[in-house]
Amino acid sequence: MQRKKFYLDPPKILVLGFALIILIGALLLTMPISTTNGQGLSFLNALFTATSATCVTGLVVVDTGTTFTIFGQLVILSMIQIGGLGFMTFATLFAFLVGKRISLKERILLQESLNNLSMEGIVRLARRILIFTAVIELTGAIILTLRFSFDMPLGKAIYYGIFHSISNFNNAGFDLMGEFHSLTSYVEDPTVVLTICSLITLGGIGFIVMNELYEFRVSKRLSLHTKVVLMTSLFLLAVGTIGIFSFEYTNEKTLKPLTFLGKFLAALFQSVTPRTAGANTLNIGDLTQPSLFLIIILMFIGASPGSTGGGIKTTTFTTLIGAVWSQIRGKEDVIFYRQRIVYETIYKAITVAFSGLFLVVVITMLLTITESGKDFLMILFEATSAFATVGLSMGLTPELSHVGKALIIFTMFAGRVGPLTIAFAVTMRRNPDAFRYPKGKIMIG
């Protein structure tokens, strides 16, 4: 009897690839050289940190700036860069460097990794992604270095500038400021706030959109995908900024002590960072409940497809809103910019959104058991932040039980690789059924 050949399809390869990177990172973080106390992290805390870095989340059980040595911080930074761009993009980079030809299988994996609709021009896109990333991160690092040089020695300012530029462009949210303070000391600083916001936004709109904007000077046209991403991103940015500005305006612990410009910058930053970066200039635990709930919604929606961010994605959200609006108006088709959205895309949006919601609900329920006594909103916030790979926390992460840490590790991993796997499975071509069942009707609503 002939043995059946074992075959790893693209989703399995991506899942195993991310898992391998996380495991290697975790083992490195357990080494004495990685921590300032010379003892290394426990394996569970190392696994949590490695998962958070590779899945570009930013949730931390120990403070990055004070716990890790330069070696440990560079391990984390490497995982952030690989996790943000995808290990297939880095594999492509090495192939370029050694002059290796990209095979068909590698092109398929690259297409899945970048969540691109077509394999046409995928290698050229990967090359541009690497160039875009290098230029944007270098620009961000230079600006941040110049600003940080006023507060610290030049060598430290350069290191901090590079670290925070890479971390925020990849929507990771790790910082070196110490004592879990994130960027709160720069809440009214326009240079830091606007630079970090720009890095987060560029990393979150997606490389496909970035590439189209780059080519717009020649093509003079934008695809429907790019138009929807830009429209939705601007809408969510405006809603988030206005909402947080309004909800926190009289809050003594957040916006009230700040100048009007400071209030605007703080509201803007807290609107951008749930999409899905994780840095913060205000203490998240001090925000009002309306602001926290608004941030939960923004985190769940997340960034855009093919980006360094997580969540169900902006296009999924807009497609669902379009479908609901069409039903309310009694229309059969979902129309954006005079183009009809195919039913396959609508079904895919429903699948991705429901899968994400189901995961958040289940993890939240389990955390209410393992973290008994904690505020429900705090638990829901943590679960959503982990799923959407955001990294914002109301302070629950360092206090998680062992089981709670394991649940969040799983949620971060599922949030990073799950949507990719679901998207690939839904968009795969299937053989048509040999027969179809008769139509049935059920009452809805």
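The values are calculated or read from the model by the stated rules, or taken from the named source; none is laboratory data. Treat the numbers as computed from the prediction; the structure is a model and nothing was measured. All Cβ positions, glycine included, derive from the backbone under ideal geometry; neighbour counts span all protein chains shown. To get the accessible areas, we keep the full protein, side chains included, count just its heavy atoms, and leave off ligands, DNA and RNA. Shrake-Rupley method; radii C 1.70, N 1.55, O 1.52, S 1.80 Å.
Here are the numbers for the structure shown:
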{"read-out": "Percentage, to the nearest whole number, of Cα pairs in region 265-381 over 22 Å apart", "value": "47 percent"}
{"read-out": "Region 289-341 - Rg over Rh from alpha carbon coordinates, Kirkwood radius", "value": "1.09"}
{"read-out": "Gain on full stretching of the segment that runs from E188 to I242 - 0.36 nm per residue minus C-alpha separation", "value": "17.7 nm"}
{"read-out": "Amide hydrogen neighbours beyond the local backbone of F336, cut-off 5 Å, H modeled", "value": "I341"}
{"read-out": "Region 298-382 - accessible surface per residue (Å², probe 1.4 Å)", "value": "52 Å²"}
{"read-out": "Relative packing of 377-390, 350-363, which averages over residues the other C-beta atoms within 10 Å, highest first", "value": "377-390, 350-363"}
{"read-out": "Long-range amide H partners of L59 with built H, under 5 Å", "value": "G391"}
{"read-out": "Portion, in percent, of the accessible area of region 252-366 that falls on carbon or sulfur, probe 1.4 Å", "value": "65 percent"}
{"read-out": "Karplus (6.51, -1.76, 1.60) ³J(HN,Hα), θ = phi - 60°, over region 237-252, in Hz, Gly and Pro reported as x", "value": "5, 5, 4, x, 5, 5, x, 5, 4, 6, 5, 9, 4, 9, 7, 4"}
{"read-out": "For region 199-351, the spread of Cα positions along each principal axis, largest first, Å", "value": "49, 40, 23"}
{"read-out": "Projected area averaged over orientations for region 28-89, convex hull of C-alpha atoms, nm²", "value": "3.7 nm²"}
{"read-out": "Packing rank of 180-187, 250-257, 286-293, where each peptide gets the mean count of other beta carbons within 10 Å, highest leading", "value": "180-187, 286-293, 250-257"}
